[in-house]
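Rule-based calculations on the coordinates, nothing more; no lab input. A quick note: this is a predicted structure, and the numbers were derived from the prediction, not measured. Every residue, glycine among them, receives a Cβ derived from its backbone with ideal geometry; neighbour counts consider all protein chains shown.
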Amino acid sequence: MIREIQTEDITENIKEMCIEANYHLSPDMEMALNKAENEEKSGLGRQILGQLRENLQIAGDDMIPICQDTGMAVVFLEIGQDVHFTGGNLEDAVNEGVRRGYQEGFLRKSVVGDPLIRENTKDNTPAVIHARIVDGDRVRITVAPKGFGSENMSRVFMLKPAEGEEGVKAAVMTAVKDAGPNACPPVVVGVGIGGTFEKCAIMAKEALLRPVGVHSDIPYIKEMEEELLEKLNCLGIGPGGLGGTTTALAVNINTYPTHIAGLPVAVNICCHVNRHVVRVV
Ligand code: SF4
């Protein structure tokens, strides 16, 4: 049976989710930062992680953003094929939610309307929207405001198939090493392997949404996640890029079938402010 959803409901949810994501980090990220503070070997590194913990506490208590860079709003919609939207255009509804969230939540407006003319749109719109049709009569919304310190350090590598697993690992190591302090470490590393040029990039972004500590259910990919995390934490970049044993909190890898002639790999780096909120309406 078809279920009707008013687009105004989508707008209101997205408004609240933009504010929530910017004021409170998800429990898995908080836990990962606390664990890192206990395990970090460098004194200065522990001090930086302690300051990040304090910053999170203040943001939550005082209802202010965790970071001044409140991100570009990335919105994932998994739309049940038995849903019928009423009351207006869905994309407009999403953007209206972002507009209200960033205005009412006093979040920094970080979006320019034309990438070269660069005039601020003054309401943080448009969002980047990824929609997928799934079974059911619900809509699963994920709002992930993305900071650009770390987005700027993300990379796509079009590897040759013969480069295989070692080539993928080298690509991840290169991206994080080159990012150094610019990605505001400790980082979460989202990796997409396979698909096409754009598919691997979207998979890498989706990988950032997976809770820290939850691994791929493909055994050899899980092993690769663990191995890469260990190796990244030997790079010495450390919290805030000031040295230490906590450069990354997690490496999350998603995969997809690809063409016989290619091996696309995307590395989407997210800073310690890895924000995402999920709701089902
Ligand atoms: S990359 Fe992350 S921590 Fe760094 S300024 Fe942007 S949002 Fe803040």
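Computed 3J(HN,Hα) for the stretch 205-213, one whole-Hz value per residue from the Karplus formula 6.51 cos²θ - 1.76 cosθ + 1.60 where θ = phi - 60°, is 5, 4, 4, 5, 7, 5, x, 4, x, glycine and proline marked x. Taking every DSSP beta bridge that has both ends in the stretch 149-274, the antiparallel portion is near 55%. The string of couplings for the stretch 190-200 from the Karplus curve (6.51, -1.76, 1.60, θ = phi - 60°) is x, 10, x, 10, x, x, 10, 3, 7, 5, 5 Hz, one whole number per residue in order, with x for Gly and Pro. Sorting Arg138, Arg275 by the number of Cβ atoms found within 10 Å of their own Cβ, with the fewest placed first, yields Arg138, Arg275. Applying a 4.7 Å cutoff between beta carbons, the unpaired cysteines of the chain are Cys18, Cys67, Cys200, Cys234, Cys270. A P(r) calculated from all alpha carbon pairs of the stretch 149-274, with 5 Å bins opening at zero, reads 2, 13, 24, 26, 20, 10, 4, 1, 0 percent. If each Cα of the chain is one equal point scatterer, what is log10 of I(q)/I(0) from the Debye formula at q = 0.14 Å⁻¹? Treating every Cα as an identical point scatterer, log10 I(q)/I(0) equals -1.04.
Simple spin-label estimate for Ile260 and Asp82 gives 4.2 nm between the two label positions (7 Å along the Cα-to-Cβ direction from each Cα).
Once R0 is set to 45 Å, what does the formula 1/(1 + (r/R0)^6) return for the Cβ-Cβ distance between Cys234 and Val278, expressed as a FRET efficiency to the nearest 0.05? Efficiency computed from Cβ-Cβ geometry: 0.85.
For the pair Asn55 and Asp137, a Förster radius of 41 Å applied to the C-beta separation gives a FRET efficiency near 0.50, rounded to the nearest 0.05.
Gain on full extension, evaluated as 0.36 nm per residue between Leu116 and Asn152 minus their Cα-Cα distance, stands at 11.4 nm. Taking amide hydrogens as placed 1.01 Å from N in the peptide plane, the amide H of Ile5 sits under 5 Å from those of His84, Phe85, Thr86, each at least 5 positions away in sequence or on another chain.
Taking a straight line from the alpha carbon of Lys146, these lysines sit under 19 Å away, with near neighbours fewer than eight places off in the same chain left out: Lys15, Lys109, Lys122, Lys199, Lys205. Along the stretch 63-79 the Karplus relation, 6.51 cos²θ - 1.76 cosθ + 1.60 evaluated at θ = phi - 60°, assigns HN-Hα couplings of 6, 10, x, 5, 9, 5, 7, 8, x, 8, 6, 9, 10, 9, 10, 9, 9 Hz to successive residues, with x for each Gly and Pro.
Decide, for the stretch 12-164, between rounded, prolate and oblate: order the square roots of the alpha carbon gyration tensor eigenvalues as a ≥ b ≥ c, take rounded if a/c falls under 1.5, and otherwise choose prolate if a/b is larger than b/c, else oblate. Prolate shape, in that a/c is at least 1.5 and a/b is the bigger ratio.
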